[in-house]
Amino acid sequence: MFSKLKEKLKNWTKKFIEKESVEVEEKIEIKKEIETQKIEEEIKLPLKIKIKEEIKIKEEQEKKPEQNFISRAISKLNKVKISEKEFEVYGEELEMLLLENNVALEVAEKIIKELKSRIVGKDFLKKEVEFEIKDTIREIIEEILIEPFDIVEKIKTRDDDKKPFIILFCGINGTGKTTSIAKISELLKQKNVSNILAAADTFRAAAIDQLKEHGKKLGIKVIANEYGSDPASVAFDAIKYAEKNKIDCVLIDTAGRMHTAKNLISQIEKISRVCKPDLKIYVGESTTGNDAIEQIKTFNFAIGIDGIILSKADIDEKGGTALSVGYVTKKPILFLGTGQEYHELEIFNKDKFIEKLGL
Ligand code: GDP
């Protein structure tokens, strides 16, 4: 994923350390000179007295004063501070790296701003500077991503068990929405949660057929109507069927033309109003990048999503989309789609994801 990040951090760290190397060498030289007594007595004496005083103070505090004094002196020599000016250069490089890895501009800017406020002017031990920066980036990303909830648990512990649990899926065509719905259906079946599918994308005949095909393969009932019929009424019919037949959960597929299409958005608002879903899940591609932000913002504004599924994580080498969609919606990524098979759905794990980023 952020494959260049590790390498960059190494380079940056080297530069931070090198900038003080002259100073450090000088200090070491002075120390050596005191030890070998090459310098004049009048310069050496006050230094010796100072060192002696320090040792005396230390002696009172600890058992091995000399060793402690020396190690403290060494740790001082090994400290490094990143200035604001230096950060500008490295901050810009890091921002480019984030953008190249599908992190949206507003999210990349937020990460850089946070990083700056946490590391500029702070003392770092030289040997730890790379680790500290990496750790800080990790911390920021951890804060951006929200811990996912367990949807099976949510369904099983719902308040009103007379009513089926209703999940509305939204997103753009071609992103893997129908496949993801089929994967969730299979997961629920595995967990003994009965479910049916509602083909509320009546805008494309192929979408109805596609859902029916998944239903056939999974052995799951699909409620569908004619191509071009009212999608809200299809979803409503599915809910009625589930109530009558004591089905635990209804998964509603919806149309996903361009997110800029006004009628699409008003259609999904209507379905949401009519069906009163318990969960609204957005399905998007891991590989989409900046466009994903505009798409998810439109759907979130229209119906208020509760969670996200990112499909095609198996073919995504960048990893930034998850950060972007998580940040702009402040909603959790629930699952990653990791292939075309029904079982290829992974519960989103923050730690695993961050590790994959190379942090
Ligand atoms: P929809 O138009 O949004 O409903 O998209 P589909 O569910 O039809 O998926 C579009 C294509 O993406 C199909 O070829 C799927 O097999 C494929 N697809 C869906 N999810 C994944 C995934 O997680 N990984 C991979 N590699 N392909 C996927």
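Numbers below:
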{"item": "Per-residue HN-Hα couplings for the range 169-186 [Karplus 6.51, -1.76, 1.60; θ = phi - 60°; Hz; x = Gly/Pro]", "result": "10, 9, x, 7, 4, x, 8, x, 5, 4, 4, 5, 4, 4, 5, 5, 4, 5"}
{"item": "Longest to shortest principal axis, alpha-carbon extents of the range 218-303, angstrom", "result": "43, 26, 23"}
{"item": "Amide H within-cut-off set for residue 307, under 5 Å, with H built and near neighbours excluded", "result": "280, 282"}
{"item": "Calculated P(r) of the range 151-356 - Cα pairs past 32 Å, %", "result": "9"}
{"item": "Above-threshold pairs, the threshold being 27 Å between Cα atoms, out of 8/297; 10/79; 110/352; 156/244; 212/331; 116/280", "result": "8/297; 212/331; 116/280"}
{"item": "Heavy-atom accessible surface of the range 141-261: percent carbon and sulfur, 1.4 Å", "result": "49"}
{"item": "Potential extension, residue 11-residue 109 segment - 0.36 nm per residue separation minus Cα distance", "result": "33.1 nm"}
{"item": "Probe 1.4 Å, protein heavy atoms only - accessible area per residue of the range 151-356 in square angstrom", "result": "44"}
{"item": "In sequence order, calculated HN-Hα J values of the range 134-143 (Karplus, 6.51, -1.76, 1.60; Hz; x Gly/Pro)", "result": "4, 5, 5, 4, 4, 4, 5, 5, 4, 6"}
{"item": "Extension gain (nm, one decimal) between residue 330 and residue 173, 0.36 nm per residue minus Cα-Cα", "result": "54.2 nm"}
{"item": "Amide proton proximity set for residue 82, modelled H, under 5 Å, gap of 5+", "result": "121, 122"}
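The values are calculated or read from the model by the stated rules, or taken from the named source; none is laboratory data. Predicted model only: the values in this text are computed from it and were never measured. All accessible areas refer to the heavy atoms of the entire protein, side chains included, with ligands and DNA or RNA removed. Shrake-Rupley method; radii C 1.70, N 1.55, O 1.52, S 1.80 Å.
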